[in-house]
Amino acid sequence: MSLLRGTTLSLAFDDQPILEAVDIELDKGEMLGLIGPNGAGKSSLLRCLAGSARTDSGVLQLGEQRFEDIPRNERARRIAYLPQQTEVHWPLSVERIIELGRIPHLEPWGKLSERDQQVIESVIADADLLPFRHRPFNTLSGGERARVLLARALAAEPEILLADEPVAALDPAHQLDVMAMLAEHCSQGNAVIVVLHDLRLAAHFCQRLQLLHQGRTLAVGKPGEVLTPDNLENAYQIHLSDRQDAIDTLLNITWKRIPR
Amino acid sequence: MLGEMRQSRLLGLLVAAASSLFLFSLLFGSQTIPVFQTLQETFDDTSSVLALILTEVRLPRALIALFAGATLGLCGAAMQAMLRNPLASPGLIGSASGAALGAVIALYFGSAALSQFSLPLGGILGSLGATLLVYLLAGRNAGTLTLILAGVAINSLALALISLLLNLAPSPYAVQEIVLWMMGSLSNSSMENFWIMLPGTLLGWMLLLRVGRALDALTLGEETAQSMGIDLPRLRWRIFLAVALAVGSAVSVTGAIGFIGLVVPHMLRPFVGYQPGRLLAASALGGAILLLAADILVRLLPAQTEIKVGVVTALVGAPFFLYLIIKSRRYSQ
């Protein structure tokens, strides 16, 4: 039984099809990379899975349950969503923002329990945010902000994390940091769907890739099966030379994070 | 440096300040009243002069200042949090002027017997209508500029319609009455006024009791909030309805008292660590404090004619508004 399953998901906006009969499946412990050119429908698909947009047709299931049958709050506890660009509208401190991640677990009037506090502490430590915990969000750098927002999503302890381009606009070291946090989340028995434009990161970190093009699935499978010269040409309009070393280069990252 | 305070401590301080001002407002005025004698007389004989001053003049005035001020502070904080815009407030986005229009229409057409109910009802409907119009005009993810422009448009429409009604008013006496009422005042408050405003006020407050956490979640934007289990359309309706009920009721009794809903949330935000949910209660108390203080100040001013409290809050609030604009301009550069 897969953790999350979407069948023939379709979505249109003003008669313009965004998603056409897309299937998606996610297993426990898996990191699924959603790739495809701009406008392929990756973000829309993620929004539907996150519950902030509705598909026009198709079936979404979490385990055995249909999405519609799961109470809002429970779904929010099980699926966390990290949108592409998250604005933080007030200059809250890092700690307060991460606390927001616990909202799905709280009673309307309840305070943060000891357990909530523990989760928050461990998330702050894991994301290397201890020195920043009292800093206002708006004084942080791009890399720090990305880590804070990811930590907020992880603080919900979701079975499934949906991350929309979490490494966009980050330098190589910070990209690896964020991807490592996602991989760590998967290794704890959870699962991640991540939208990526960096095909090398996708190939390196994801067990499976799903390539979307014009609202349809063009290919899905292991990175080596999806990132073929043909698929890249059709989806991205880029030409990859057929030589084996070109494909090897695409599938491997040749740099590593220096441990701090 | 102003920093975050523990919520219990902050609310304790604000409650202490609000209750002292409330007591001061009861005891202070053109006629100084001796505390113990008055209390005694009030219990012994409710028709004595001192007792009448206390229960018929001072008490309703202080109660209305307390409740209307709290409404304005609370609603300002709620709207700013919902629209994620520091300039959203009942005065700026039309809720107050809409309420004024509704109340004037009620005053104008309402028969004397009905006016008790028609006044707050007119205020509530006017407030709801104007707020919704601004919201529809500006769109869901309105930027500051769009929202303010929509507010300006609806405010001027409401004022134009009020002017039209004044223009057509049968007697100059009615005109004067409406104009004075519109300046926003707490003098001539009666217990009857207070009872008129109470139901809508309490209903509005009750609707806002449980929105704190959802407003916190909205700090991260609408999509994230929805993914965190917040029912956004329901939240919006709840807040619009609450603001319309509470502000509509308050304005129909006090007239337009501007800027409290704008200024108070701003002043208190650093003390609650910028958390919108925590700000609600603090801002309600802050609004009550500000209006009680302004009303006491009005009584202290040595003027032949009493200065209206709405005039005072506007005189203090408008420069603060300018300061906010300058600050946000610098911020965006």
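Read the figures in this text as sums done on the coordinates, not as results from a lab. Because the structure is predicted, anything quoted here is derived from the model rather than measured. We place every Cβ from the backbone using ideal geometry, glycine too, and count neighbours over all the protein chains shown.
Observations, loosely collected:
- Close amide H pairs (under 5 Å, H built 1.01 Å from N) link residue A:4 with A:26, A:63, residues at least 5 positions away or on another chain.
- P(r) histogram, all alpha-carbon pairs of chain A included - 5 Å bins from 0, percent: 1, 6, 13, 17, 18, 17, 13, 9, 5, 2, 0, 0, 0
- Here residue B:56 and residue B:198 are evaluated by their C-beta separation; at R0 = 25 Å the FRET efficiency comes out at 0.90.
- As a length-normalised measure over Cα pairs under 8 Å and 6 or more apart, the relative contact order of the range B:142-249 settles at 28 percent.
- Percentage of interatomic Cα-Cα distances in the range B:7-332 larger than 33 Å: 25 percent
- Phi angles across the range B:216-233 convert, under the Karplus curve 6.51 cos²θ - 1.76 cosθ + 1.60 with θ = phi - 60°, into 3J(HN,Hα) values of 4, 4, 5, 3, 8, x, 5, 5, 5, 4, 5, 5, 8, x, 8, 7, 5, x Hz, Gly and Pro given as x.
- Integer Hz, Karplus 6.51/-1.76/1.60 couplings in order for the range B:147-164, x for Gly and Pro: 5, 5, 4, 4, x, 4, 4, 5, 4, 6, 4, 4, 5, 4, 5, 5, 4, 4
- Set of aspartates and glutamates with alpha-carbon distance to residue A:111 below 13 Å, sequence-local pairs under 8 removed: A:99
- Where only DSSP H runs of four or more residues are counted, chain B gives -24500 deg cm²/dmol as its mean residue ellipticity at 222 nm, each run worth -39500 (n - 2.57).
- Compared with the alpha-carbon gap, the fully stretched path from residue A:138 to residue A:73 is longer by 20.5 nm at 0.36 nm per residue.
- Ranking B:158, B:211, B:252 by how far each Cα lies toward the positive end of the dipole of chain B (charges on Cβ) leaves B:211 at the top.
- Inter-chain shielding of A:64-76 (mean C-beta neighbours from other protein chains, 10 Å cut-off): 2
- GNM on chain B, alpha-carbon springs under 10 angstrom: the most fluctuating residue among B:289, B:64, B:105 is B:105.
- Cβ charges +1 (Lys, Arg) and -1 (Asp, Glu), total dipole of the range A:221-260, debye: 480 debye
- Ranked by the mean number of other Cβ atoms within 10 Å of their residues, highest first, the peptides A:206-218, B:257-269, A:181-193, A:149-161 fall in the order B:257-269, A:149-161, A:206-218, A:181-193.
- Efficiency of FRET from Cβ geometry, residue B:19 and residue B:209, R₀ 25 Å, rounded to 0.05: 0.70
- Whole-Å distance, taken between Cα centres, linking the range A:195-254 and the range B:177-235: 53 Å
- Percent of beta bridges antiparallel (DSSP, chain A, rounded to nearest 5): 55 percent
- The protein assembly as shown: antiparallel DSSP beta bridges as a percent of all, rounded to 5: 55 percent
- Rounded tilt (10° steps) of A:142-155 against the dominant C-alpha axis of chain A: 80 degrees
- Overall, chain B carries a charge dipole of about 1120 debye about its Cα centre when +1 sits on the Cβ of Lys and Arg and -1 on the Cβ of Asp and Glu, all other atoms neutral.
- Helix-only arithmetic for chain A: the sum of -39500 (n - 2.57) across DSSP H runs with n ≥ 4, divided by the residue total, places the mean residue ellipticity at 222 nm at -10000 deg cm²/dmol.
- Model label sites at residue B:326 and residue A:244, defined 7 Å from Cα along the beta-carbon direction, differ in position by 7.2 nm.
- Across the range B:7-332, the relative contact order, built from alpha-carbon pairs under 8 Å that are at least six residues apart, equals 30 percent.
- Percentage, to the nearest whole number, of Cα pairs in the range B:175-333 over 23 Å apart: 48 percent
- Pairwise FRET efficiency - residue A:112 versus residue A:180, Cβ, R0 = 35 Å, nearest 0.05: 0.80
- Between the Cα long axis of helix A:172-187 and the first principal axis of chain A there is an angle of about 80°, rounded to the nearest 10.
- Shielding by partners - mean other protein chain Cβ count within 10 Å, residues of B:272-283: 3
- Rounded Å value of the spacing that divides the Cα centres of the range A:1-60 and the range A:144-175: 20 Å
- Debye-sum result for the protein assembly as shown in log10 I(q)/I(0), which assumes one identical scatterer on each alpha carbon, at q = 0.06, 0.07, 0.10 Å⁻¹: -0.40, -0.52, -0.90
- Think of chain A as having a plus end and a minus end, set by charges on the Cβ of Lys, Arg, Asp and Glu; of A:229, A:149, A:52, A:149 sits farthest toward the positive end of this dipole.
- Per-selection Rg to Rh, the range A:28-69 - Cα, Kirkwood hydrodynamic radius: 1.00
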